[in-house]
């Protein structure tokens, strides 16, 4: 598949999907998956020491490359990011598992988060910890799991999430509020206080 | 975790967050009862919510920074990352030469060789270099080192506006001060032809000394370029509609964003129209309204105008004098004492149809009104509107608010606090929120939502009212078509996808306000208005294949309709029996039967889920006429519902309608009151009229009948009753006035559209008075020169009135910016445009839609002077109207001329009604 046609192709797939063609969604997943994998790999090659990739930036890059922005409706854009964040999560998790970086020390994540609170610096967490927590959340509240996935791996705004999930912005905001609090508790020490 | 339990945890969590911090702990303890584990869960979640800081809002995973702290670029040493986004990373750096801090902006690592982004960075440098303004962060130069290239910018210490707002709304005076400086910055940019395109709180900094600096011209363009058409750049919540659609933009896109920023400062919320704090001055509300006009053509154009408005708002905010504060207290006290007591008579059993055996149970106890009840799906809660009327409350003076209460005897809880008119609250299918219709400035009917547990109302669906759910994902609601007042029923998904019209009234001025789908979704009951009056209800097929047929009692007005849960019965509120009561009819072809009775009226048909009870609003409406003159104020009518007063000569007689309830809110018998003797008299016994006009000599009346349907049309009668009343027309004519000598001007619907006609007093010489169609006739000047009409179409999205000449002459637009409503209950409230009977002055009522303020401006009128000379400032809005020579202002609406310049009549309306639960007949 060459790059020029990709853009047209993905735009068409998004349109078809929005019109109810479910197989368009599968095809779209395939294209986006290939693109994101390739991007992640390329990124890692030129990566500087000590830096890992930022999934939301990758997803946006993929969008710019794959989608003809002039002919794509805003809602389709949201759909794209919905699919892309799902795939991004899978890629990151696969990669982390494959490399067995053994960074899966919940301890590390907790310490970083706690320090970050004190200094108001952005906190970074391990992908596998996040993945596990998201899976757990989705097991009893699928919608909140979905909202958090879109936010973490796709960097979607509330409005975009609303479009992807067919919910009002207010509902998404409420869902996100709870999901965020629960995940934070889960990924830090406050989780153990809860005894769940 | 069990889904039910989790659901419970989150409900309490949300309800707790909606409360003040101080009351939260007690609330959680209460809500959890003796379930200690539940309480621990909720408290842990709330604690995490507060501790989470920026968790999840900032990238979760480590980003690849372009520059390392400690590294250098040119002579600048990188200190720390200040912020990062798709368009760039900004670092604080130290200028080793000049010994000062600077900000350095570079492209993100992975975009460092992106030609488009590089070009944009260069553009930003050039545009900033052209700007030199104290409210814009300056550019010092460009730093280059190897492949790294960055802009060297003024480093502004202090929080961004976004950070400020995160801790809550900004107090009004400070917010206006900040807005004023932002406007200065934009003004400077616009004067250089530069559009910012990404104005948002995160791009604005407030220094410790109060100086505001606008940052980040990364998306700025030159006005003449119009931007990259087809590409959407910007930040979603602050983007103007045209920018979000990828259309060409100009400086008005910044005006929109400015409106968003100002609104966010005042409300503390990211929504271009979250309710403003109550104390927000009118001038600021208007300013926001004009900035946030979706159509750029209608939007405010010049930043200079914004500055001017902000200055006048800031001026108003100066602390009040002691005397005016004391006056305010006095007024508050007298309002508190003004509660009116009214006795209710409960439903009584009658021998006619099967009637309620169980006494009605009172659910609310207000001394004003509780209307528009709706029950939650589980039957535990009821939501309603307090303070409104049952007809559309549009144009009313009181504020109306959404309430919720637990059935049967929980405390009513107020959920909204904004000044907009509201009606029709309903529960969402999961009962987590209440969605209601609000009439926003510009006569926009929108749906808003508010959490049942309390919280800030949020927009739910624009241009959608009377909304109900059909299952979880589909909605049924009313939508205005084409920007006018033509409102019909549509269905769509909750995202407004798959939208499909079901029914639109045939006439452009018709408004189908409310609807209810049968449980099998094959039929829809429609509640509609036409010509300003409620019609009988209508049964329409859900597939929209036909306009359906009238249903329910046919000789009355129908204001609510609903289905029993088995689809066997249809319930209506109708005044077919003379006053509003609840009726039902078996689907599809039963006979309508009245099921509630009594001297009070009942409106509202909220069925409980068990199908055994009905919640309805029961009470009385009263309206009285007052005379205000040099000797003070006195009440001229005290009984019933009096309206539409006319006074011919000072101290002589006053005519008015006294509602008989036979057909409509706005119809009644004509009474006369002799002011000298106090004697009252029915002027034309047995004649029920919708409108009337007295001849200048006080001898004759022309009226439109609201009595038996066979009497429909225009009539004339002598007030001395020596000759019988004479019927002149037999159509749908609902307003007629005496015009020039021997002439009657009226509105009629010969086909599908309405036109103005004139005829002689004997009914001969009928001819069209104007070639074009109108949707309503408000009044006619006593000299017959001018008709005040509601145009068929709004102009530029604004609903104004027009003064059209009946004898050739330039028309004049009135009240364009102070939205007026020419139909509905306003017909009762008095026409907002009223000539005194001597023809020497005009009373113009200015009602700011939904904002709860109104006034009347009295203007001199003369037949022999062109309007443009008489009123050189025009009539478009309050400023214009009151700036005309000879204008005087009366600080209330619903004012009528009282036959002398020093006196006027006031019309005042009060409602007392409360919710009752009534057992339905089997």
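The values are calculated or read from the model by the stated rules, or taken from the named source; none is laboratory data. It should be emphasised that the depicted structure is a prediction, and the values quoted were computed from it without experimental measurement. Here the Cβ positions follow ideal geometry from the backbone for every residue, glycine too, while neighbour counts run over all protein chains shown.
List of remarks:
- Of the residues making up the stretch A:154-188, just one is touching a strand residue (DSSP E or B) at 6+ places or on another chain (Cβ under 9 Å) and farther than 17 Å from residue B:457 by Cα, namely A:166.
- Residue check, residue B:453 over 16 Å from the mean Cα position of the chain (by Cα), under 30 Å from residue B:266 (Cβ atoms) and touching a residue at least 12 places away in the same chain (Cβ under 8 Å): yes
- Among the residues of the stretch B:549-562, just one is buried (at least 18 other Cβ atoms within 10 Å of the Cβ), over 28 Å from the mean Cα position of the chain (by Cα) and assigned to a strand (DSSP E or B), namely B:551.
- Single residue of the stretch A:128-166 satisfying the filter (closer than 20 Å to residue A:25 by Cα and facing another protein chain (nearest Cβ under 9 Å)) that is surrounded by the most Cβ atoms within 10 Å (Cβ to Cβ): A:153
- Restricted to the stretch B:241-276, and to residues there that are in contact with a helix residue (DSSP H, G or I) (Cβ under 6 Å, 6 or more places away or on another chain) and at pLDDT below 85, the residue that is nearest to the other protein chains (Cβ to nearest Cβ) is B:270.
Here is a yes/no grid of residues against (1) outside the structural domain of residue B:261 (by TED's automatic domain parsing); (2) in contact (Cβ under 8 Å) with a residue 60 or more places away in the chain; (3) closer than 25 Å to residue B:104 by Cα; (4) under 29 Å from the mean Cα position of the chain (by Cα):
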site	(1), (2), (3), (4)
B:173	no, yes, no, yes
B:176	no, yes, no, yes
B:179	no, yes, no, yes
B:183	no, yes, no, yes
B:186	no, yes, yes, no
B:192	no, yes, yes, no
B:199	no, yes, yes, yes
B:203	no, no, yes, no
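- Any hit, the stretch B:687-695, residues being assigned to a loop (DSSP other than H, G, I, E, B) and more than 22 Å from residue B:815 (Cα to Cα): yes
- The residue that is modelled with the highest pLDDT, among those in the stretch B:173-230 that are part of a loop (DSSP other than H, G, I, E, B) and within 14 Å of chain A (Cβ to nearest Cβ), is B:200.
- Some residue of the stretch B:410-419 being at pLDDT below 95, under 13 Å from the mean Cα position of the chain (by Cα), within 14 Å of chain A (Cβ to nearest Cβ) and closer than 25 Å to residue B:277 by Cβ: no
- Total residues in the stretch B:96-118 satisfying the condition of being within 25 Å of residue B:202 (Cα to Cα) and either at pLDDT 85 or above or crowded, with 19+ Cβ neighbours inside 10 Å (or both): the figure is 12.
- In the condition set (1) part of a strand (DSSP E or B); (2) in contact with a helix residue (DSSP H, G or I) (Cβ under 8 Å, 6 or more places away or on another chain); (3) closer than 21 Å to residue B:279 by Cβ, residue B:454 is compliant with all but (1).
- Test: residue B:69 is facing another protein chain (nearest Cβ under 7 Å), touching a strand residue (DSSP E or B) at 6+ places or on another chain (Cβ under 9 Å) and either in a loop (DSSP other than H, G, I, E, B) or modelled with pLDDT of 90 or more (or both): no
- Selection within the stretch B:135-162 - touching a helix residue (DSSP H, G or I) at 6+ places or on another chain (Cβ under 8 Å), at pLDDT below 90 and either within 20 Å of residue B:304 (Cα to Cα) or not in a strand (DSSP E or B) (or both): B:162
- Residue in the stretch B:807-824 that is closer than 29 Å to residue B:653 by Cβ and either modelled with pLDDT of 90 or more or assigned by TED's automatic domain parsing to the domain that holds residue B:282 (or both) present: no
- Residue within the stretch B:703-720 that is touching a strand residue (DSSP E or B) at 6+ places or on another chain (Cβ under 9 Å), at pLDDT below 90 and surrounded by fewer than 13 Cβ atoms within 10 Å (Cβ to Cβ) present: yes
- Scanning the stretch B:15-43 for residues that are at the interface with chain A (Cβ under 10 Å from one of its Cβ atoms) and farther than 22 Å from residue B:432 by Cα turns up B:37, B:40.
- Boolean, residue B:468 is within 14 Å of another protein chain (Cβ to nearest Cβ) and more than 30 Å from residue B:747 (Cβ to Cβ): no
- Residue list for the stretch B:1-23, filter: surrounded by fewer than 17 Cβ atoms within 10 Å (Cβ to Cβ) and without any contact (Cβ under 8 Å) to a residue 24 or more places away in the chain: B:1, B:2, B:3, B:4, B:7, B:20, B:21, B:22, B:23
- Number of residues in the stretch A:167-192 that are more than 8 Å from every other protein chain (Cβ to nearest Cβ), modelled with pLDDT of 85 or more and outside any helix (DSSP H, G or I) equals 0.
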